[in-house]
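The structure is given below, and queries will be raised subsequently.
Readers should treat all values here as calculations from the given coordinates under stated rules, not as data from a laboratory. Note that this is a predicted model, so its numbers are computed, not measured. We place every Cβ from the backbone using ideal geometry, glycine too, and count neighbours over all the protein chains shown.
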Amino acid sequence: MSSKVSRRQFLSYALMGTGGFMASAMLMPMVRFALDPVLQPGSDGEFIPTQQKADDVTEVPVKVDFVIKDRKDAWYVSDVADSAWVYRDGDDIIALSPVCKHLGCTVNWEGDANHPDMFFCPCHDGLYEKNGKNVPGTPPLGPLDQYEVEVVDGFVHLGKIVPNQLVD
């Protein structure tokens, strides 16, 4: 038993097929444009050089500024300035993020005379111990993040930000 396709049905199928092909031809570049940044390989394993000599790092945290070259944010590529608090703990070099875990303000080492040897967030009086642990009873809800650190040719290089490994 065979079923015949009428002229009207044939034209309807042909128009739907052609319309579907044209729609997909228009949408594919848009979908590719939207997904392309997501599909690009990341550079999470790269270390960024700083001007800080490893031999000059002491037990007192110092602010180290560095520039992340060619940071990609979706389709926009730019150089981004950042900083870290770097100090020595025995033989290890520690680098902490200066971004407060309360509202993202910048913390300062010994930024408040009433709290020596601590990181202080001036926005809402947040306090952190030297290892980045948040002081209970102050606004921050978690410890400062930590940078991966390596020494290359005598200079401190900073990697990606990881959760603080120094606190309990």
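Residues that are under 30 Å from residue 36 (Cβ atoms) and either free of Cβ contacts under 8 Å to residues at least 60 places away in the same chain or of a type in the set (Phe, Trp, Tyr) (or both): find the strands (runs of 3 or more DSSP E) completely inside the stretch 47-163 holding 2 or more of those.
By residue number, 62-73, 76-89.
Does at least one position in the stretch 88-103 carry a residue that is among the aliphatic types (A, V, I, L, M), in contact with a His (Cβ under 7 Å, 6 or more places away or on another chain) and buried (at least 18 other Cβ atoms within 10 Å of the Cβ)?
Within the stretch 88-103 (the criterion being among the aliphatic types (A, V, I, L, M), in contact with a His (Cβ under 7 Å, 6 or more places away or on another chain) and buried (at least 18 other Cβ atoms within 10 Å of the Cβ)), the answer is no, since none of the residues qualifies.
Run residue 150 past the list (1) closer than 19 Å to residue 47 by Cβ; (2) surrounded by 16 or more Cβ atoms within 10 Å (Cβ to Cβ) and report the number of the one that doesn't hold.
With respect to (1) closer than 19 Å to residue 47 by Cβ; (2) surrounded by 16 or more Cβ atoms within 10 Å (Cβ to Cβ), residue 150 is out only on (2).
Checking the condition surrounded by fewer than 16 Cβ atoms within 10 Å (Cβ to Cβ) and among the polar types (S, T, N, Q), which residue from 83, 78 passes?
78
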